[in-house]
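For reference, the structure is listed below as structure tokens.
Rule-based calculations on the coordinates, nothing more; no lab input. All of these numbers come straight from a predicted model, not from anything done at the bench. Because the Cβ atoms are built from the backbone with ideal geometry, glycine has one as well, and the counts that use them run over all protein chains shown.
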Amino acid sequence: MGVLNVTPDSFSDGGRFADPGRAVTHGLALAAEGADVIDVGGESTRPGAGPVDEAEERRRVLPVVEALAPHVRVSIDTTKASVAAAALAAGATLVNDVSASLYEVAASAGAGWVAMHRRGDPRTMQVAPAYDDVVSEVRDFLEARAGAARAAGVAEVWIDPGIGFGKLAEHNLRLLRGLPTLVATGFPVLVGTSRKSFLGALAGGAPPDDRLAGSLATAVFALVSGAAMVRVHDVAATVQAARLVGEVAA
Ligand code: HH2
């Protein structure tokens, strides 16, 4: 899954693809590099980000979804039901839902749905997150949401531990180590570590553009641990690394 943020303020690529033409060109390039899904988002979820007005979010994402959908599978990264519904009508076939609440929208459109775990919202999520057992708490939450989505008629349900969403570096590492516990639920697992801040912290304070090594290492680690998809900014490098390790492990 290639990340395409049509936003002015995303943490690593904010502003680079705010123009729809540039966004579409970049989405097609990611598809050519080997992304099976392009994840189009119009609202940043980085820690501290403020909410985006519904009409503005639709204005950002819809032309991009419409232009990409004939060429590659498109997911819509949103927490708003109206934006998800409009994007599905424009050709997206997967709702990437960091709020884990929009399965009814996916059900009524016959689309797939990703349930991601998070604590709080972007303004509050990094304020002292605490868990007794982060892996089982995340697993229980996702299993319940995924079960509800199946019962509501969603055929394709993914789960995602939400790396960095209300988690300290220690929680992110535990979740990566605990991926087999999520895989054991039977739902396909999606993991997004790409360029996230815990990778910078573990690499002596590297800025987002200097986190490729950690992004590749954790993406491949997730795939080897049983994840079915990884959400990444650097598609070509990830595909190359994953193919190589796939050959080694075959
Ligand atoms: N991470 C981000 C956004 N959406 N969706 C899923 N399913 N899993 C993730 O880990 C995930 C996600 C945050 O990254 P990014 O899109 O690069 O930044 P921003 O939220 O600032 O736009």
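In the set ALA237, ALA222, only one residue is assigned to a helix (DSSP H, G or I) and either within 19 Å of PRO180 (Cα to Cα) or touching a strand residue (DSSP E or B) at 6+ places or on another chain (Cβ under 6 Å) (or both); that residue is ALA222.
Would you check which residues across segment 1-49 are touching a Lys or Arg at 6+ places or on another chain (Cβ under 7 Å) and touching a residue at least 60 places away in the same chain (Cβ under 8 Å) and list them? Residues satisfying the conditions are MET1, VAL3, PHE11, SER12, ASP36, VAL37, ASP39, GLY48.
Among the numbered conditions (1) farther than 20 Å from ASN96 by Cβ; (2) in contact (Cβ under 8 Å) with a residue 60 or more places away in the chain, the only one that ARG195 does not meet is (1). Quick check, is GLY120 within 13 Å of the ligand (Cβ to nearest atom), more than 24 Å from VAL232 (Cβ to Cβ) and in contact (Cβ under 8 Å) with a residue 40 or more places away in the chain? For GLY120, the condition - within 13 Å of the ligand (Cβ to nearest atom), more than 24 Å from VAL232 (Cβ to Cβ) and in contact (Cβ under 8 Å) with a residue 40 or more places away in the chain - is not met. Restricting segment 139-158 to residues that are touching a Ser or Thr at 6+ places or on another chain (Cβ under 9 Å) and under 20 Å from ASP121 (Cβ atoms), the residue that is surrounded by the fewest Cβ atoms within 10 Å (Cβ to Cβ) is ARG145. When you check PHE165 against the structure, is it in a loop (DSSP other than H, G, I, E, B), within 13 Å of the ligand (Cβ to nearest atom) and surrounded by 15 or more Cβ atoms within 10 Å (Cβ to Cβ), yes or no? Against the criterion (in a loop (DSSP other than H, G, I, E, B), within 13 Å of the ligand (Cβ to nearest atom) and surrounded by 15 or more Cβ atoms within 10 Å (Cβ to Cβ)), PHE165 qualifies.
Residue-level check: of (1) over 19 Å from SER10 (Cβ atoms); (2) within 16 Å of the ligand (Cβ to nearest atom); (3) of a type in the set (Gly, Ala, Ser), ALA87 misses just (1).
Restricting to segment 1-32, and then to whatever is more than 15 Å from ARG60 (Cβ to Cβ) and surrounded by fewer than 22 Cβ atoms within 10 Å (Cβ to Cβ), can you tell me which residue is farthest from the ligand (Cβ to nearest atom)? Looking at the filtered set, the residue picked out is ALA32.
For segment 177-184, the criterion of being crowded, with 23+ Cβ neighbours inside 10 Å, of a type in the set (Ser, Thr, Tyr) and assigned to a helix (DSSP H, G or I) is met by none of the residues.
Residues in segment 193-206 include at least one that is in a helix (DSSP H, G or I), surrounded by fewer than 18 Cβ atoms within 10 Å (Cβ to Cβ) and within 14 Å of the ligand (Cβ to nearest atom).
Of note, SER215 satisfies the criterion of being surrounded by 23 or more Cβ atoms within 10 Å (Cβ to Cβ) and more than 24 Å from SER82 (Cβ to Cβ). When every residue of segment 104-113 is checked against the conditions, none turns out to be without any contact (Cβ under 8 Å) to a residue 60 or more places away in the chain, charged (D, E, K, R) and either over 30 Å from HIS71 (Cα atoms) or touching a strand residue (DSSP E or B) at 6+ places or on another chain (Cβ under 9 Å) (or both).
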